[in-house]
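Data first, discussion second: the structure below is written as structure tokens.
The values are calculated or read from the model by the stated rules, or taken from the named source; none is laboratory data. It should be emphasised that the depicted structure is a prediction, and the values quoted were computed from it without experimental measurement. No Cβ is skipped: glycine too gets one built from the backbone with ideal geometry, and neighbour counts run over all protein chains shown.
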Amino acid sequence: MTGAGTDSCTVTLNAAAASGGLPVSVASSNSAVSVPATVTVAAGSTTGSFTATVSAVSTAQAVTLTASTNSVAKTFALQLGTAVATLNVNATTIAFGNVNLNSPATQTLILTSTGMAAVTVSRATVTGSGFTVSGGSFPITLNPNQTATLNVQFDATVAGAATGQLTITSNSSTGSSAVVSLSGTGAAVSYKVNLSWNAPASSPEPVAGYSVYRAPRGSSSYAQLNSAVMTQTTYTDTNVQNGQTYNYIVESVDASGIQSVPSNTTVIPIP
């Protein structure tokens, strides 16, 4: 047995116990294993059960259990192993694939204590541009079968492939460091602004078309986007930059080329 625990044991007679049952003395050669002093085999039965309680040991040890009755003794050899701390990490690689710029993506990593003793995770460190880890306050002590979840994030700020590495340091018997490879690709997103408006309900002069103007947020200098007067009431602006905010206005134009007052301003932020 390895580590602390209990085990079910049985004494077996070669013939059924007589009326009143048969007491069997039980002993352990090592204090790390405790057993009851006596087990009674019930009348008419050939077996009796008891529980051995095992304490964790720091070094491997041999134990002999002895059952005796009526000057007959039988022994059973038991080996005690040291309880070891073992950490299991559920992945050796995390691939984020394509991630839009400035749009963080997160994946989880599960740490599990799979040994017979508690494992201590002292730290988790990340290398590589755009990669971070959260979710744990180190050091973390995980008892056997206990788990902890780490959140690994990739926040791309530049386009292109990126690689990194997450190193988990612990007292695991499998090694002091577990390494998880990280990868992802920052993908630039091309945005466009779709504008639409309603034609004037009434106008002294028939509307011949429209002109669309744009200015960066904070500027009063508007530039006309369409080179010629448009007759449709929609316009798509494809020449926009990520992270910028734009103000848009529309003016109607009559057949003489006279423009109306500007429309209300529409403010469009680009992610």
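Please determine whether any residue of the range 243-255 is closer than 30 Å to VAL152 by Cβ and outside the structural domain of VAL99 (by TED's automatic domain parsing).
There is at least one residue in the range 243-255 that is closer than 30 Å to VAL152 by Cβ and outside the structural domain of VAL99 (by TED's automatic domain parsing).
Answer yes or no: is there a residue in the range 205-225 that is assigned to a loop (DSSP other than H, G, I, E, B), at pLDDT below 90 and over 50 Å from the mean Cα position of the chain (by Cα).
Yes.
Kindly check whether there is at least one residue in the range 90-98 that is in contact (Cβ under 8 Å) with a residue 24 or more places away in the chain, surrounded by 18 or more Cβ atoms within 10 Å (Cβ to Cβ) and outside the structural domain of MET116 (by TED's automatic domain parsing).
No, because not a single residue in the range 90-98 is in contact (Cβ under 8 Å) with a residue 24 or more places away in the chain, surrounded by 18 or more Cβ atoms within 10 Å (Cβ to Cβ) and outside the structural domain of MET116 (by TED's automatic domain parsing).
Among ALA77, ALA91, which is the only one that is assigned to a strand (DSSP E or B) and of a type outside the set (Val, Ile, Thr)?
After applying the criteria, what remains is ALA77.
What strands (runs of 3 or more DSSP E), lying completely within the range 2-71, carry at least 1 residues that are without any contact (Cβ under 8 Å) to a residue 24 or more places away in the chain?
The qualifying strands (runs of 3 or more DSSP E) are 38-41.
Which count do you get for residues in the range 193-204 that are surrounded by fewer than 16 Cβ atoms within 10 Å (Cβ to Cβ) and modelled with pLDDT of 95 or more?
2
So, of the residues in the range 156-191 that are out of contact with any strand residue (DSSP E or B) (no Cβ under 7 Å at 6 or more places or on another chain) and not hydroxyl-bearing (Ser, Thr, Tyr), which turns out to be farthest from GLY115 (Cα to Cα)?
If we take residues in the range 156-191 being out of contact with any strand residue (DSSP E or B) (no Cβ under 7 Å at 6 or more places or on another chain) and not hydroxyl-bearing (Ser, Thr, Tyr), then ALA188 is farthest from GLY115 (Cα to Cα).
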